[in-house]
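The structure under discussion appears below in the form of structure tokens.
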Amino acid sequence: MIDPSPAEGTADLRHDWTRVEVEALFALPFNDLIFRAQTAHRRHFAANAVQLSTLLSIKTGGCPEDCAYCPQSASHDSGVAAAKLMEVADVVAQAKAARDAGASRYCMGAAWRSPKDRDLDQVCAMVREVKALGMETCATLGMLTGGQARALKAAGLDYYNHNLDTSEEFYGAIITTRTYADRLDTLAQVQAAGLSVCCGGIVGMGEERADRAGLLLTLANLPQHPESVPINMLVQVEGTKLSGQPPLDPFEFVRTIAVARLLMPASVVRLSAGREGFSDEVQALCFLAGANSIFVGPKLLTTDNPSRDHDEDLFERLGLAPLVPAACS
Ligand code: SAM
Ligand code: DTB
Ligand code: SF4
């Protein structure tokens with residue numbers, strides 16, 4: 001494990017990006033784009049440190065939302081069985097195992113439109129106990145009110161994940177049961193409660209490059225950049241509306257990582273879902289483009305992720321080391 005170098009400051013953080021500028025970054029020759037992204041990366045982060053999080057689906061399936069990509073939506077026949085919210089002790093046991101396998105952050109996900117207050121109490125208990133293990137905590141539970149965000153913060157939650165998923169223009173082709181404005185509102189509540197924001201999106205859903213640019217433009221022009229920006233490659237699950245989508249060129253995925261790094265240079269950019277479908281070489285390009293966080297452990301929420309052994313071997317081959325957050329060192 002190596003220590004992260006201190007961030008260099010905020011002099012190069014901008015919130016006034018234009019669409020033309022963002023599209024021009026996407027259009028750069030690949031080598032130029034990656035060189036610029038890697039240079040920005042080194043201004044803010046240790047070059048070879050990658051943050052490791054582990055996910056757990058604490059409440060699986062049966063979700064009332066109609067997100068076209070998601071195997072947990074009740075509108076899809078994906079074979080994911082609906083389950084009840086997990087018991088606190090079971091979550092804590094799994095978090096401990098993840099910590100012992102090297103993860104510094106534990107991310108608890110629920111297939112809800114938004115949490116009910118009784119369920120939130122149980123999630124707060126999970127957060128308190130996972131935090132007591134010495135891990136950073138993250139949750140993704142759907143839309144939150146200000147009061148719910150404050151309750152999670154008081155329980156010890158560090159990060160809240162809530163994705164914009166895509167551009168505002170393409171959003172309606174993917175989800176009809178809640179709006180882009182709903183998502184922005186939850187992000188504002190989360191930020192106001194003092195939680196760190198984890199917000200990104202999914203590519204490979206049939207969107208245009210302009211939509212990938214639009215997503216990153218919206219994120220970069222928020223009043224504060226999300227502390228964590230997950231870029232997911234669509235994991236195609238049979239039975240979902242987006243299954244059978246023509247796959248996105250992996251170089252375009254790498255470009256998306258690089259542009260995220262350039263627009264939000266001090267944010268951690270996560271090479272998120274989709275690693276199971278990428279070669280080691282594509283993953284190495286993602287790290288070169290400025291990705292410095294991944295999910296580890298054999299499962300994401302319901303789909304597969306590379307094994308710990310495979311990731312340890314990849315880190316060894318690339319000379320990468322897990323980043324130690326200040327709270328855990
Ligand atoms: N239900 C909550 C919500 O949507 O806000 C939290 C859990 S939800 C599964 C978390 C995120 O996982 C989604 O916002 C989406 O970006 C991502 N996701 C879901 N299914 C995916 C898939 N098949 N491929 C890639 N990312 C996916
Ligand atoms: C995020 O942006 N990606 C993660 C996490 N945040 C919650 C989820 C990926 C889910 C992939 C599909 C599945 O495993 O169900
Ligand atoms: Fe439900 Fe979240 Fe899946 Fe959408 S992404 S269907 S809200 S679990």
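Structure above, values below:
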| quantity | calculated |
| --- | --- |
| Per-bin percent of Cα-Cα distances, the chain [20 Å] | 33, 63, 4 |
| Dipole axis of segment 196-329 (+1 Lys, Arg; -1 Asp, Glu on Cβ), positive-most option in L314, L216, A284 | L216 |
| Over segment 1-153, volume per residue of the alpha carbon convex hull, in Å³ | 193 |
| Net charge over other residues, Cβ less than 11 angstrom from the Cβ of R212 (K, R count +1; D, E count -1) | -3 |
| Alpha-carbon centroids, segment 121-164 and segment 250-283: separation in whole Å | 26 |
| Förster radius 30 Å - calculated FRET efficiency between T176 and T18 (Cβ-Cβ, nearest 0.05) | 0.50 |
| Signed unit charges on C-beta, dipole axis of segment 9-73, positive-most listed residue P71, P29, A47 | A47 |
| Ordering of 225-234, 297-306 by burial proxy (mean other Cβ atoms within 10 Å per residue, highest first) | 225-234, 297-306 |
| Whole-number percent relative contact order across segment 1-152, with pairs defined as alpha carbons under 8 Å at least 6 apart | 20 |
| Heavy-atom accessible surface of the chain: percent carbon and sulfur, 1.4 Å | 54 |
| Computed magnitude of the charge dipole of the chain (debye, nearest 20; Cβ of K, R +1, Cβ of D, E -1) | 700 |
| Relative contact order of the chain, pairs being alpha-carbon contacts under 8 Å that are 6 or more residues apart, as % | 26 |
| Dipole magnitude of segment 177-295 about its Cα centre (Cβ charges: Lys, Arg +1; Asp, Glu -1), debye to nearest 20 | 220 |
| Cα-Cα over 23 Å, subset of K96/K116; K116/K241; K131/K299 | K96/K116; K116/K241 |
| Mean separation of Cα contacts under 8 Å (6+ apart) over length of segment 5-95, as relative contact order % | 21 |
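The values are calculated or read from the model by the stated rules, or taken from the named source; none is laboratory data. Treat the numbers as computed from the prediction; the structure is a model and nothing was measured. Don't worry about glycine lacking a Cβ; one is built from the backbone with ideal geometry, like all the others, and counts go over all protein chains shown. The area values use the complete protein model at the heavy-atom level, side chains included, leaving out ligands, DNA and RNA. Shrake-Rupley method; radii C 1.70, N 1.55, O 1.52, S 1.80 Å.
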